[in-house]
Amino acid sequence: MSVPTLKQLPVNQHSRIIGLGAFRPDVIVTNDDVCQWIDSSDEWIRQRTGIVTRHRAAANVSVIDMAEGAAREALQQAGIEASQLGAVIVSTVTHPYATPSAAAALADRLGATPAPAFDISAACAGYCYGIAQADALVRAGTATYVLVVGAEKLSDVIDNHERTISFLLGDGAGAVVIGPSDTPGIGPSVWGSDGSKWDAIGMTRSMLDVRDLSIAARQSDESGDFALLEEVQDLWPTLRQDGQTVFRWAVWEMAKMAQQALEVAGITADDLAAFIPHQANMRIIDEMVKKLKLPESVTVARDIADAGNTSAASIPLATHRLLKENPELSGGLALQIGFGAGLVFGAQVIVLP
Amino acid sequence: MASNEEILAGLAEIVNEETGLAPESVELDKSFTEDLDIDSISMMTIVVNAEEKFGVRIPDEEVKNLKTVGDAVSFIAGAQA
């Protein structure tokens with residue numbers, strides 16, 4: 001029996017970012033606000049992290065709301081209709097449902113249905129993972145246009161009174177539309193994971209722990225034994241990190257990955273217009289700049305000072321601000337690198353929209 | 001392999017680069033946090049740079065045992081051996 005040859009979709013030679021959008025929620029949390037919850041000072045926080053304020057979302061603003069705001073701006077700048085999207089990807093770790101995805105709801109709101117829609121769980125590397133996916137989908141001809149959104153409401157998963165990570169975090173969303181291009185607009189992705197450091201950043205407990213503890217607490221309440229109720233007061237899972245381990249990995253290992261992203265793109269630091277690392281901590285950014293020996297001519301994104309660490313949203317938010325403040329960078333090359341819980345990382349050189 | 005004096009001089013250079021402290025103030029009996037006022041983030045930066053300079057591995061759990069400059073010099077000397 002002869003097997004017919006499968007037809008393949010026509011491929012696109014190259015892809016690029018054709019539209020960019022941002023959503024910054026309007027609650028501003030200052031270091032003095034933070035110091036009501038932890039024993040610290042404005043000076044200490046600025047010195048250790050470079051953070052001055054964070055934007056956080058009001059209770060009635062969801063991850064999907066913020067994603068929608070950023071996505072609409074990106075679509076407008078790209079000059080395409082949502083109905084032309086061949087895929088909708090949302091990178092997030094704070095959409096509060098294991099299922100259904102934030103992306104499916106977002107696609108529907110935008111009018112992109114029936115585009116395939118899915119979420120990526122890659123924490124602070126989520127946006128770069130999304131770019132890697134979108135680039136591959138467009139070049140393979142699987143989709144003509146792909147929406148990638150990094151959206152986080154980290155304020156829902158923090159404990160204001162702990163001091164390893166909560167005070168760093170903010171909320172927001174950034175989005176890009178990736179489409180076909182005549183020239184290369186996205187370099188090869190350098191991405192990966194190191195699950196041996198699974199415990200370095202993560203939630204205080206699993207959903208199953210929450211289920212079991214809440215059942216036990218209800219039973220103890222009914223039996224008049226209130227001891228467990230005390231224990232489950234902080235039932236809600238929140239984020240923690242081992243700051244030293246993460247700092248060392250971020251500075252040391254991630255500078256190497258960023259260097260690799262330059263090499264596989266066939267460029268050097270001198271060719272860059274901008275460096276847009278995940279906005280985790282100003283000290284990490286400063287150290288990476290040193291390790292990469294970036295020349296003075298490279299503009300470094302430092303959105304963290306006002307925005308805090310917004311996980312998957314930090315790179316597109318920082319890119320959006322960079323282009324607003326330095327429109328002449330448009331068309332130049334930017335090195336972007338995301339890294340975070342998993343541990344996971346992703347980096348690529350892109351042409352700025 | 002570096003002698004203890006060379007390790008101390010190398011460490012002083014790294015500390016100077018990170019904090020701006022004069023290299024001669026980096027002495028064996030000085031505590032990183034108490035005397036040199038080095039915070040945990042600077043300490044990790046110093047550790048990472050010392051690893052590169054001396055070709056040793058300083059595990060995270062070891063870092064908290066390095067209270068003084070002398071502790072760091074001894075650890076690095078031992079790790080090189």
Open item on the list: Checking the structure you have, find out if any residue of region A:256-272 is within 14 Å of another protein chain (Cβ to nearest Cβ) and either hydroxyl-bearing (Ser, Thr, Tyr) or surrounded by fewer than 16 Cβ atoms within 10 Å (Cβ to Cβ) (or both).
Closed with: yes
Open item on the list: Tell me yes or no: at least one residue of region A:66-85 is touching a strand residue (DSSP E or B) at 6+ places or on another chain (Cβ under 8 Å), without any contact (Cβ under 8 Å) to a residue 24 or more places away in the chain and not in a strand (DSSP E or B).
Closed with: no
- [ ] Looking only at region B:39-58, count how many residues are surrounded by fewer than 19 Cβ atoms within 10 Å (Cβ to Cβ) and out of contact with any Asp or Glu (no Cβ under 9 Å at 6 or more places or on another chain).
- [x] 6
Open item on the list: Step by step: first the residues of region A:46-61, then only those that are outside any loop (DSSP other than H, G, I, E, B) and either touching a Leu at 6+ places or on another chain (Cβ under 6 Å) or within 14 Å of chain B (Cβ to nearest Cβ) (or both), then the one that is nearest to A:Ile285 (Cα to Cα). Which residue is that?
Closed with: A:Thr49
Task: region B:13-35 - residue that is among the aliphatic types (A, V, I, L, M) and free of Cβ contacts under 8 Å to residues at least 24 places away in the same chain and, of those, farthest from B:Asn65 (Cα to Cα) - done: B:Ala22
Task: When residues of region A:156-189 are limited to those that are farther than 30 Å from A:Trp44 by Cβ and under 16 Å from the mean Cα position of the chain (by Cα), the one surrounded by the most Cβ atoms within 10 Å (Cβ to Cβ) - done: A:Ala175
Open item on the list: Can you confirm whether A:Pro316 is part of a helix (DSSP H, G or I), more than 14 Å from every other protein chain (Cβ to nearest Cβ) and under 20 Å from A:Gly170 (Cα atoms)?
Closed with: yes
Open item on the list: Among the listed residues A:Phe339, A:Phe275, identify the single one that is more than 14 Å from every other protein chain (Cβ to nearest Cβ), more than 23 Å from B:Met43 (Cβ to Cβ) and among the aromatic types (Phe, Trp, Tyr).
Closed with: A:Phe275
Task: Candidate set from region B:48-73 (those that are closer than 18 Å to A:Thr245 by Cβ and acidic (Asp, Glu)); member that is nearest to the other protein chains (Cβ to nearest Cβ) - done: B:Asp60
- [ ] Taking A:Ile267 as the residue in question, decide whether it is within 26 Å of A:Val34 (Cβ to Cβ) and either basic (Lys, Arg) or not assigned by TED's automatic domain parsing to the domain that holds A:Gly174 (or both).
- [x] no
Open item on the list: Show the residue pairs meeting these rules: Cβ distance below 7 Å; 6+ apart or different chains; first residue within region A:122-140 and over 13 Å from A:His14 (Cα atoms); second residue among the acidic types (Asp, Glu).
Closed with: none
Task: Tabulated pairs, region A:239-250, first within 10 Å of another protein chain (Cβ to nearest Cβ), second of a type in the set (Val, Ile, Thr) and in a loop (DSSP other than H, G, I, E, B), C-beta under 7 angstrom, 6+ apart or interchain - done: A:Gly243/A:Thr164
Open item on the list: It is to be established whether one or more residues within region A:290-298 are within 14 Å of chain B (Cβ to nearest Cβ) and either aromatic (Phe, Trp, Tyr) or closer than 19 Å to A:Leu352 by Cα (or both).
Closed with: no
Task: Within region A:278-289, considering residues that are free of Cβ contacts under 8 Å to residues at least 40 places away in the same chain and facing chain B (nearest Cβ under 9 Å), the one surrounded by the fewest Cβ atoms within 10 Å (Cβ to Cβ) - done: A:Glu287
Open item on the list: Just checking, does region A:308-330 include any residue being more than 20 Å from A:Ile131 (Cβ to Cβ) and in contact (Cβ under 8 Å) with a residue 60 or more places away in the chain?
Closed with: yes
TODO: List every residue pair whose Cβ atoms sit under 6 Å apart, with the two residues 6 or more apart in sequence or on different chains, where the first one lies in region A:187-204 and is part of a loop (DSSP other than H, G, I, E, B) and the second, anywhere, is among the β-branched types (Val, Ile, Thr) and modelled with pLDDT of 95 or more.
DONE: A:Gly187/A:Val349; A:Pro188/A:Val264
Task: Elements of type helices (runs of 4 or more DSSP H) in region B:1-68, at least 3 residues being among the polar types (S, T, N, Q) and under 28 Å from A:Lys256 (Cβ atoms) - done: B:40-54
Task: Index of the failed condition, A:Thr299 passing every other in (1) within 16 Å of A:Gly19 (Cβ to Cβ); (2) free of Cβ contacts under 8 Å to residues at least 60 places away in the same chain; (3) β-branched (Val, Ile, Thr) - done: (1)
Open item on the list: So A:Ile215 ticks every box in (1) among the β-branched types (Val, Ile, Thr); (2) surrounded by 15 or more Cβ atoms within 10 Å (Cβ to Cβ); (3) at pLDDT below 90 but one. Which box is left unticked?
Closed with: (2)
- [ ] Would you check which residues across region A:132-148 are in a helix (DSSP H, G or I), small (Gly, Ala, Ser) and surrounded by fewer than 24 Cβ atoms within 10 Å (Cβ to Cβ) and list them?
- [x] A:Ala132, A:Ala136
TODO: Return only the number of the condition from (1) buried (at least 23 other Cβ atoms within 10 Å of the Cβ); (2) free of Cβ contacts under 8 Å to residues at least 24 places away in the same chain that A:Asp119 does not satisfy.
DONE: (2)
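The values are calculated or read from the model by the stated rules, or taken from the named source; none is laboratory data. Predicted model, so just to flag it, every value in this text is computed and none were measured. All Cβ positions, glycine included, derive from the backbone under ideal geometry; neighbour counts span all protein chains shown.
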